[in-house]
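The values are calculated or read from the model by the stated rules, or taken from the named source; none is laboratory data. Everything numeric in this text was worked out from a predicted model, so none of it was measured. Cβ sites come from the backbone with ideal geometry, for glycine too, and all protein chains shown count toward neighbours. Surface areas here come from the heavy atoms of the whole protein model, side chains and all, with no ligands, DNA or RNA. Shrake-Rupley method; radii C 1.70, N 1.55, O 1.52, S 1.80 Å.
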Amino acid sequence: SAQDTMTLKMQSSWPASDIFQDMAKQYADRVEAMSGGRLKIDLLPAGAVVQAFQVQDAVADGVIDAAHTVTAYWYGKNKAASLFGTGPVFGADAGQILAWIHFGGGKDLYRELVQDILGLNVVGFFALPMPTQPLGWFKEEITSADQMKGLKYRTVGLATDIMQGMGLSVTQLPGGEIVPALERGVIEAFEFNNPTSDSRFGAQDVSKVYMLGSYHQAAEFFEIIVNKDLYDGLDPDLQAILEYGAEAANTANYGLAMDQYSKDLQKLINEDGVNVYRTPQSVMAAQLESWDTVLADLTQDEFFGKVVDSQKAWSERVAFYALTNQADYKLAYEHYFPGKLAF
Amino acid sequence: MEAYIRFADKVSAWFGKAFAWSILVMTFGVGYEVFVRYVLRDPTSWAFDISYMMYGALFMMGGAYTLSRDGHVRGDVVYRLWRPRTQATVELVLYFLFFFPGILALIFSGWKYASRSIGYLEVSVMSPANVPIFQFKLIIVAAGILLFIQGIAQVFRCILCIRRGYWPQAESDVEELETQLIKQHEREILHHGGEAIDIVLPAHHTAGEFTGREEAADRPRGGGTGENR
Amino acid sequence: MTDPQVAVAMLGIFIFTIMLGFPIAFTLMALGVGFGYYAYFDADRQWRAFNRAVESGADLFTQAETWVGGFLNNRIFDLFVNQTYSVMSNDVLTAVPLFLFMGYIVERANIVDRLFSTLQIAARRVPGSMAVAALITCALFATATGIVGAVVTLMGLLAFPAMLNARYNTSFASGVICAGGTLGILIPPSIMLIVYAATSGVSIVRLYAGALLPGLMLAGLYVVYVIGRAWLNPKIAPRPPRDENAVSGLALVWLLVTSFFPLAVLILSVLGAILFGLATPSEAAAVGAIGGLVLAAAYRALTWQRLQESVYLTVRTSAMVCWLFVGSWTFSSVFSYLGGEKVITDFVTGLDISPIVFLILAQIIIFLLGWPLEWSEIIIIFVPIFLPLLPHFGIDPLFFGILVALNLQTSFLTPPMAMSAYYLKGIAPPFVQLVDIFRGCMPFLSMVILAMILIYVFPEIVYWLPNLVYGR
Ligand code: NA
Ligand code: NA
């Protein structure tokens, strides 16, 4: 039986002004258009019904119907959650790890975690392989891993373990206090997500050094979750629209990210006087070592170990292909825009 | 009934006061964090989690204690003009209509929420220190049970007031400074004779005048939350 | 009725039920849960579950159980618990018990009488010297404690009789005590600003920086008013006889050092830690509380009993404020779930008014709410209705917050719920009538309005310090 118009209440974990909210809107718009208006999504910003970190519980209980979030926000329930976003890097990029979700067994492992291990009444889809998250905002250019030792730094999720393992003093601060705290020296550095979100946040007002490239969050994506009872009760075509809508939003999100992030990076450089550097190789190497230590500990857990093994096997094969085959994009860029890249 | 009221007041006060001491844990815990962060440049990874847990436990477990001392703020512009019997009747109805349904939800849904968290031994996502938070979620249930016990006592207070025509005397306890001072002052005035008539008379005789006191026998309550103003 | 209409009804019913005098936290909780029950009730789901039970051939008892269970299994209860947890884990509100504790410790440290007598001597050549000393004592003491009732009562017992003995005009003296005692909720560190920060999401340190100059400006306007009136009309504030207060310059300096400076140092270190680089508000509050303990010990006022009293009062007042949040967050998320927020936004934006008209209307509404209500209810329950409208009119929530904080000074001084006046009346000699007190408060109310106008015309008063300290 064809259902009448149904409106899903979807809340995100983002403030209304964040570009992530625009990306959630792209998903909502696609679902509505593809369903011929039978399925509408009423998209609300963080805090409208529940707080940003509470959306998963709220969807499981049916307090909201759906949510647009990331898994790092609920990894306190099980550390393995972070692997579906903020996880280790074995050579595959975010797009290739998203491919692991769809074709490498990631989807089943995610379902096992959410439904079997945690017993949550939730189904989830993924979208947007996020570009590598920058190492962040600093008072001066970072040239070595040693220079970062003892630095008071703010980040979230498993990334706190990594940075702490590198000898940084990782500090937890409420989101709204990051910029004032950096200005006042309570923290000396922080990372957020991308040039657009960071600049809307006001990072350039308090810091003029932006280090790009890092392994702390190099393969994150959005998690779109729907209450399972509600999902199971939908007609199969509407179920398909919710699921494949995430795949459609993927392309739209990526396009928006590339366009907007790159524009805002230029704006940061040209209008705000921010000095942009690439994180040196030695720092990235130290991050990998730190990941080793963190993984040695966490893979003691059976399920965590299983997911890591699966990602590792996937990366070994897929990244081998990708890296061996990939054109040298940097060479081409320097060919046409000589002297622009500073690394 | 009076025995139950005394019992509930005692239970609420015991838990409220016991958890009140978490303010000292908080003060010195955060103080320690400030010291190690700014002086030794070596922040803890747990102080932030500890501070909000202490704060949350403190105010949640203090809810029933505050209720027993009539410390929750009221909008009493109209309420305080009523006779005690009218106040008690309205309040009695509202306890069943407004208070118990929500508190029961707090207990039962709170248990559902907390037990799920206990099931996966949830830890905080705010730090790498793996600070457990499932026990903190259990506070919701505990606070709900305390409020339920105290709510019954408040219902009995209403019934006694309807029967007798005046509010039963509250147990003596630590008071806000202004309340202490005012009470002291009142006693002095009483010693000095009858000129203080407008202060000691029940407030409905001097409607719209003084309201800053805890309940005394034979006068209506209201406006006397006197806290943090 | 459509959902948004139900939301508007919800707000109307709340304003009505608030009059019934039931504790507001639980009234909000009840209306949130009640209307949420309606919003989340799903008849289809109820029937589906019931039909499933019938089809599966369950006995009558199980059928009934399914039916009743369906009613009890409403998602509003989960939302309520979820919101409760959000209040419990709110990082801004963590500072509330810490600052309260600091305030209770300081108010019990026996320093206010020294402070007043010293300042009175220091100000003795100024017209209305006692009133000036009382105002400065109030401002300092209120800043350290932030607890209005204690300041008004203590000063009412100390400075008020002294002024009456010196033949000060009763109304004039009452106004000084009531208005001065209320300054503590405006001048940082103030609980009211923390609560506004938690409600609006504005950075608390920026709010503190923004409120400092307006707070000092208001205190300054009060002093100017007092000196001006006493100068124009010396009868209302006669000069004290000279010989009484004769103290050598050196002795005066020593008095100031022992009474004025420790408190000032405590306040400045707390504020300085927040504003100039060192700590988050919760951290500064903890340091302030430790400082308060040291100060009380130095004045030999730190007894076991006083510590206990401070701890117990901290838990009660924190519970009062934070349970209000538990109720109001549930209420407002149901209100917004039903679409109430959008109705109000659409209505106000449809009025086609200019930002200045909106700002004035909003402040008038808040001023009027300040008659029957107190600051905590207004900020936690009513200010959130205005907040979503601010971006539409291009008004900075920081600026709006400072205006509200100034405005709410009046809520203590305007009847029928004029807490400052009632505290003073409670300890004043019987011949002092409430009418006298209210009359004395009026000129100070106009100073508050003058301060608001000044801030509107010269927003730099708000922005200068935050811009200086935090850039932008
Ligand atoms: Na990040
Ligand atoms: Na008022």
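Computed values, structure above
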| quantity | calculated |
| --- | --- |
| Residues that are outside any helix (DSSP H, G or I) and farther than 30 Å from A:Asp116 by Cβ, drawn from segment A:252-303 | A:Glu271, A:Asp272, A:Gly273, A:Val274, A:Asn275, A:Val276, A:Tyr277, A:Arg278, A:Thr279, A:Pro280 |
| Answer from C:Val432, C:Val469 - the residue that is of a type outside the set (Lys, Arg), in contact (Cβ under 8 Å) with a residue 24 or more places away in the chain and more than 30 Å from C:Leu164 (Cα to Cα) | C:Val469 |
| Residue list for segment C:402-417, filter: within 12 Å of chain B (Cβ to nearest Cβ) and either within 16 Å of ligand 1 (Cβ to nearest atom) or among the hydrophobic types (A, V, I, L, M, F, W, C) (or both) | C:Leu408, C:Phe412, C:Leu413, C:Met417 |
| Every residue from segment C:407-422 that is more than 6 Å from ligand 2 (Cβ to nearest atom) and under 19 Å from C:Leu207 (Cβ atoms) | C:Asn407, C:Leu408, C:Gln409 |
| Test for C:Arg114: is it away from chain B (no Cβ under 13 Å) and either aliphatic (A, V, I, L, M) or not in a helix (DSSP H, G or I) (or both) | no |
| Segment B:14-56, residues that are at pLDDT 80 or above and among the polar types (S, T, N, Q) | B:Ser22, B:Thr27, B:Ser51 |
| Residue within segment C:76-84 that is of a type outside the set (A, V, I, L, M) and open to solvent by 50 Å² or more (accessible area, probe 1.4 Å) present | no |
| Test: residue in segment C:321-333 that is closer than 30 Å to C:Ala297 by Cβ, within 14 Å of chain B (Cβ to nearest Cβ), part of a helix (DSSP H, G or I) and not acidic (Asp, Glu) | yes |
| Number of the exception - C:Leu373 against (1) within 14 Å of chain B (Cβ to nearest Cβ); (2) not in a loop (DSSP other than H, G, I, E, B) | (2) |
| Options B:Leu92, B:Leu97, B:Leu147: the member that is open to solvent by 10 Å² or more (accessible area, probe 1.4 Å), within 11 Å of chain C (Cβ to nearest Cβ) and touching a residue at least 24 places away in the same chain (Cβ under 8 Å) | B:Leu92 |
| Matching residues, segment A:309-330, being touching a residue at least 12 places away in the same chain (Cβ under 8 Å) and closer than 25 Å to A:Leu341 by Cα | A:Ala319, A:Ala322, A:Leu323 |
| Leading residue by the ranking (nearest to B:Val123 (Cα to Cα)) among those in segment A:114-157 that are free of Cβ contacts under 8 Å to residues at least 40 places away in the same chain and within 16 Å of ligand 1 (Cβ to nearest atom) | A:Arg154 |
| Test: residue in segment B:113-120 that is touching a helix residue (DSSP H, G or I) at 6+ places or on another chain (Cβ under 7 Å) and more than 17 Å from A:Trp74 (Cβ to Cβ) | no |
| Close pairs (7 angstrom Cβ cut-off, 6 or more residues apart or separate chains): of a type in the set (Ser, Thr, Tyr) and more than 16 Å from ligand 1 (Cβ to nearest atom) in segment C:368-395, assigned to a helix (DSSP H, G or I) and open to solvent by less than 10 Å² (accessible area, probe 1.4 Å) anywhere | C:Ser376/C:Val195; C:Ser376/C:Val321; C:Ser376/C:Leu324 |
| Close pairs from segment C:92-109: first within 8 Å of chain B (Cβ to nearest Cβ), partner small (Gly, Ala, Ser) and open to solvent by 10 Å² or more (accessible area, probe 1.4 Å), Cβ under 8 Å, at least 6 apart | C:Leu93/C:Ala198; C:Thr94/B:Ser51; C:Thr94/C:Ser282; C:Leu98/C:Ser282 |
| In segment C:277-317, the residues that are of a type in the set (Phe, Trp, Tyr) and at the interface with chain B (Cβ under 7 Å from one of its Cβ atoms) | C:Tyr312 |
| Matching entry among C:Val462, C:Val404 (being within 16 Å of ligand 2 (Cβ to nearest atom), part of a helix (DSSP H, G or I), open to solvent by less than 10 Å² (accessible area, probe 1.4 Å) and modelled with pLDDT of 85 or more) | C:Val404 |
| Spans of helices (runs of 4 or more DSSP H) in segment C:1-69 with at least 2 residues farther than 30 Å from B:Val78 by Cα | C:24-40, C:43-55 |
| Every residue from segment C:60-85 that is facing chain B (nearest Cβ under 10 Å) and touching a residue at least 12 places away in the same chain (Cβ under 8 Å) | C:Asn74, C:Arg75, C:Ile76, C:Phe77, C:Leu79, C:Phe80, C:Thr84 |
| Matching option when the condition is surrounded by fewer than 22 Cβ atoms within 10 Å (Cβ to Cβ) and among the aliphatic types (A, V, I, L, M), among A:Ala127, A:Ala66, A:Ala99 | A:Ala99 |
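For every residue, the table says whether it meets (1) among the hydrophobic types (A, V, I, L, M, F, W, C); (2) crowded, with 24+ Cβ neighbours inside 10 Å.
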site	(1), (2)
C:Ser86	no, no
C:Ala95	yes, yes
C:Phe101	yes, yes
C:Asn110	no, no
C:Ala123	yes, no
C:Gly128	no, yes
